[in-house]
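What follows is calculated from the coordinates using simple rules that are stated; it is not laboratory data. All values derive from a computational prediction rather than experimental measurement. With ideal geometry, Cβ positions are generated from the backbone for all residues, glycine too; neighbour counts draw on all protein chains shown.
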Amino acid sequence: EIYRALIEATAYGTNMIIETFENSGVPINELYACGGIAEKDEFMMQIYADVTNREIRISASPQTVALGSAMFGAVAAGKAKGGYDSIFDAAKRMSKVKDEYYKPIPENVEIYKKLYAEYKILHDYFGRGANDVMKRLKEIKKSV
C-alpha cells in the first residue's frame, strides 16, 4: 500500500501539471513515457493512465534521452548537412513508440477522480499557504 500511495501521489502531481497547462490554454493531447520505469513497471503506468484518464505511449528506444540529444544535433546540422530542418521532422524519422500502450480503465478512472478531488483539497491546504503547519513541523524536526 505504501508503494501504491507513492505512485498515486506522483500521478496526482502529474495530473495537476496537465490541468495547469490546459487551464492556461495549452492542450495536452498525448502522453509519452520513457526510461526504465516506463518500460518495466506496468502497475505504475496503468495508475498514471487511470489518474490522468489518458492513453500513455512508451518510447521504443531504451536510450530516449540520448536519442533526443541526437535529434537536436541533427536539427542543428540542418537538412543540407544530412540532418533535419525541424525537431518535428527529426522526431518523425528518428523515434518510435511501442505498439502496446496503457489505456485508462473506466472503473478505475471514476475512483481516481474522487480521490484526486480530495488530493487537490489537501494539496491546496498544505501547499498554497492556507496555513503554516508544514513550517511548524519543519521547526519541530530541527529542534529534535
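The single residue among Asp124, Asp89, Asp99 that is more than 17 Å from Gly13 (Cα to Cα) and assigned to a helix (DSSP H, G or I) turns out to be Asp89. Filtering segment 78-93 to residues that are under 18 Å from Ala66 (Cα atoms) and aliphatic (A, V, I, L, M) leaves Ile87, Ala90, Ala91. Scan segment 89-122 for residues that are small (Gly, Ala, Ser) and loosely packed, with under 12 Cβ neighbours inside 10 Å and the total you get is 1.
The residues of segment 40-88 that are over 20 Å from Tyr101 (Cβ atoms), surrounded by fewer than 19 Cβ atoms within 10 Å (Cβ to Cβ) and aromatic (Phe, Trp, Tyr), listed by number, are Phe72, Phe88. Would you confirm whether or not segment 17-26 contains a residue that is loosely packed, with under 11 Cβ neighbours inside 10 Å and on the phi > 0 side of the Ramachandran plot? Looking through segment 17-26, at least one residue is loosely packed, with under 11 Cβ neighbours inside 10 Å and on the phi > 0 side of the Ramachandran plot. In segment 48-59, what residues are touching a residue at least 40 places away in the same chain (Cβ under 8 Å) and either over 21 Å from Leu115 (Cα atoms) or touching an Asp or Glu at 6+ places or on another chain (Cβ under 6 Å) (or both)? Of everything in segment 48-59, those that are touching a residue at least 40 places away in the same chain (Cβ under 8 Å) and either over 21 Å from Leu115 (Cα atoms) or touching an Asp or Glu at 6+ places or on another chain (Cβ under 6 Å) (or both) turn out to be Arg57, Ile58.
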